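Worksheet: one structure, shown below.
The values are calculated or read from the model by the stated rules, or taken from the named source; none is laboratory data. The shown structure was predicted, so the numbers you read here are calculated from the model rather than taken from an experiment. With ideal geometry, Cβ positions are generated from the backbone for all residues, glycine too; neighbour counts draw on all protein chains shown.
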Amino acid sequence: MTNLLEFRSWLEDRLPVLLAEHQVPGAAVALSVKGDVIEAAAGVLNKNTGVETTVDSLFQVGSITKLWTATLIMQLVDEGLVDLDVPVRKYLPGFRLEDESAAAVITTRQLLSHTAGFEGDIFTDTGQGEDAIAKLVETFGEVPQLFPPGEMFSYNNAGYVLLGRMIEVLRGKPYDECLRKYLFDPLELTHAANGPYEAILFRTAVGHIVHNDNEEPQPSPVWALPRSTAPVGAMLTLSARDLLKFAQMHIDAGRTPTGRQVLNPASAAAMVTPQVTLPELGWMGAAWGLGFALFDYDGGTVVGHDGGTIGQTAFLRICPETDVSIALFANGGTPLPVFAEIAERALREFASIQLPGLLAPPGYGERVDASRYVGEYSSRVADVVVSQDTDGRIWLERIPKGLYEEVGDQREKIELVAVGGDTLLPRQKQYGMHMPHTFLGDDGEGRAMYVHTGRADRRVTA
């Protein structure tokens with residue numbers, strides 16, 4: 001315990017410095033080592049109000065919600081109500097996509113592991129009613145297929161909307177009620193909320209975004225994504241300690257500290273069993289399980305997930321072999337290097353695991369023939385244009401559209417530097433890192449079919 005107390009003292013001193021350095025308005029951290037939890041917080045929840053961030057403050061966990069959705073699905077598997085390998089239409093007979101042949105065969109396993117292959121960033125606002133998720137699923141008939149189901153990984157938010165709807169249909173109640181009955185209550189959470197009407201009862205963070213270049217982050221005019229995407233990460237709001245209660249249940253093979261079996265051990269193990277290998281994506285991990293990202297770190301097994309909403313970011317890493325977990329929440333700025341420094345020390349000291357450094361491009365990138373990469377790629381949230389100039393430099397221009405444009409994402413043009421194979425890195429950092437851009441597939445003319453940054457954007461022109 002002495003080392004844990006020393007770590008807390010270091011964290012309490014270091015966290016405010018890191019927040020100031022990376023323009024993060026406020027953050028909360030929790031670290032659990034064999035069930036002993038230490039916490040720290042710094043900064044403010046909202047620059048407009050100046051309310052102080054405390055360890056019991058709530059932040060949106062974003063896509064970490066997908067782990068909760070996946071757990072609700074695996075509970076249905078435990079009860080014999082879901083078979084992971086039969087078509088989703090067994091449970092959602094009305095499920096439609098633009099590609100009928102794909103919609104007819106996509107399975108729950110493929111949805112959980114992001115291998116279903118259809119366009120994934122569908123954030124249509126269908127209202128605040130309890131039928132919001134059902135209404136969004138009804139719009140999927142126009143969603144295109146990017147690649148055959150099961151062929152590869154492409155992060156898919158819409159797939160988790162479908163999983164949320166499956167939960168509603170099979171349980172006969174709204175998603176948020178299922179979350180509370182089957183996870184909040186058995187985990188005995190004390191600082192957890194399903195959306196703004198519950199979050200307002202706690203000290204709750206507001207996201208901060210950069211409205212103009214060279215300005216500091218300011219409070220976002222929008223608190224949350226549409227309710228229709230609740231199973232994806234739009235609504236779940238937690239304290240860092242309560243998130244680690246969920247993590248501890250998974251470390252303990254589905255059992256709570258009071259002995260309640262929330263999830264069968266076999267299902268808990270299946271969630272962290274590799275289902276698909278990822279292309280070179282750096283921070284996102286090496287493989288994906290049934291919900292969990294799987295990381296290839298020196299020293300042992302690490303699983304987890306990250307989340308991002310409108311100006312809020314969340315990180316979760318779990319070391320099941322050493323019974324260590326860490327969570328960090330932030331409400332703006334560039335929180336990745338904040339988490340990277342804290343998690344690197346925590347995992348090294350308490351789990352003997354070495355967190356790898358972030359990828360960085362060489363000082364002078366090798367000039368390569370980019371004809372395989374040049375062209376236009378597209379998704380529902382952005383158009384991407386790759387070009388090569390007369391000096392041989394490779395450029396990628398991203399033009400946001402749809403929801404990303406609405407929440408203030410800016411058009412940007414970045415230089416890509418070859419680092420080997422079909423992977424290129426931006427010369428400048430984005431969101432605190434050099435995000436790998438991996439070009440995959442072949443369009444029949446020797447050109448890449450996809451540019452992959454976690455999501456596979458499909459080529460639309462030569």
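Of the set (1) closer than 28 Å to H22 by Cα; (2) under 21 Å from the mean Cα position of the chain (by Cα), all apply to N194 but (1).
Return the residues of segment 254-299 that are aliphatic (A, V, I, L, M), more than 19 Å from L179 (Cβ to Cβ) and in a loop (DSSP other than H, G, I, E, B); say none if nothing qualifies. First the steps, then the outcome.
Within segment 254-299, the first condition is being aliphatic (A, V, I, L, M), and the residues that meet it are 262-263, 266, 268-272, 276, 278, 281, 284, 286-287, 290, 293-294.
With more than 19 Å from L179 (Cβ to Cβ) added as a condition, the list becomes 266, 269-270, 272, 276, 278, 281, 284, 286-287, 293-294.
Across segment 254-299, the qualifying residues are V272, L278, L281, A286.
Only one of the numbered conditions (1) crowded, with 19+ Cβ neighbours inside 10 Å; (2) charged (D, E, K, R); (3) under 26 Å from Q248 (Cβ atoms) is violated by E188, and that is (1).
Results for (1) at pLDDT 95 or above; (2) crowded, with 17+ Cβ neighbours inside 10 Å; (3) farther than 22 Å from A230 by Cβ, shown as yes or no for each residue.
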position: E39; (1), (2), (3): yes, yes, yes
position: G50; (1), (2), (3): yes, no, yes
position: T53; (1), (2), (3): yes, yes, yes
position: S63; (1), (2), (3): yes, yes, no
position: I73; (1), (2), (3): yes, yes, no
position: L76; (1), (2), (3): yes, yes, no
position: V82; (1), (2), (3): yes, yes, no
position: D85; (1), (2), (3): yes, no, yes
position: R89; (1), (2), (3): yes, no, yes
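Kindly indicate whether any position in segment 320-331 is assigned to a loop (DSSP other than H, G, I, E, B), among the small types (G, A, S) and in contact (Cβ under 8 Å) with a residue 60 or more places away in the chain. Within segment 320-331, none of the residues are assigned to a loop (DSSP other than H, G, I, E, B), among the small types (G, A, S) and in contact (Cβ under 8 Å) with a residue 60 or more places away in the chain. Criterion first (modelled with pLDDT of 95 or more, in contact with a Lys or Arg (Cβ under 7 Å, 6 or more places away or on another chain), buried (at least 24 other Cβ atoms within 10 Å of the Cβ) and among the hydrophobic types (A, V, I, L, M, F, W, C)) does A28 satisfy it? Taking the combined requirement at face value, the residue does not satisfy it. Can you name the residue in segment 288-310 that is within 17 Å of G62 (Cβ to Cβ) and small (G, A, S) and, of all such residues, is surrounded by the fewest Cβ atoms within 10 Å (Cβ to Cβ)? Once the filter is applied, the top-ranked residue is G308.
Considering each of L163, L146, L179 in turn, give the residue that is surrounded by 15 or more Cβ atoms within 10 Å (Cβ to Cβ), in contact with a strand residue (DSSP E or B) (Cβ under 8 Å, 6 or more places away or on another chain) and within 24 Å of T256 (Cβ to Cβ). Selected residue: L179, the only one of L163, L146, L179 that is surrounded by 15 or more Cβ atoms within 10 Å (Cβ to Cβ), in contact with a strand residue (DSSP E or B) (Cβ under 8 Å, 6 or more places away or on another chain) and within 24 Å of T256 (Cβ to Cβ).
Among the residues of segment 354-380, which ones are in a strand (DSSP E or B) and in contact (Cβ under 8 Å) with a residue 60 or more places away in the chain? Within segment 354-380, G375, E376, Y377, S378 meet the criteria. Report yes if some residue within segment 311-318 is in contact (Cβ under 8 Å) with a residue 40 or more places away in the chain, surrounded by fewer than 23 Cβ atoms within 10 Å (Cβ to Cβ) and either over 28 Å from P226 (Cα atoms) or under 13 Å from the mean Cα position of the chain (by Cα) (or both); otherwise report no. Within segment 311-318, none of the residues are in contact (Cβ under 8 Å) with a residue 40 or more places away in the chain, surrounded by fewer than 23 Cβ atoms within 10 Å (Cβ to Cβ) and either over 28 Å from P226 (Cα atoms) or under 13 Å from the mean Cα position of the chain (by Cα) (or both). Would you confirm whether any residue within segment 100-117 is more than 24 Å from I318 (Cβ to Cβ), touching a residue at least 40 places away in the same chain (Cβ under 8 Å) and of a type outside the set (A, V, I, L, M)? Yes, there is a match, as at least one residue in segment 100-117 is more than 24 Å from I318 (Cβ to Cβ), touching a residue at least 40 places away in the same chain (Cβ under 8 Å) and of a type outside the set (A, V, I, L, M).
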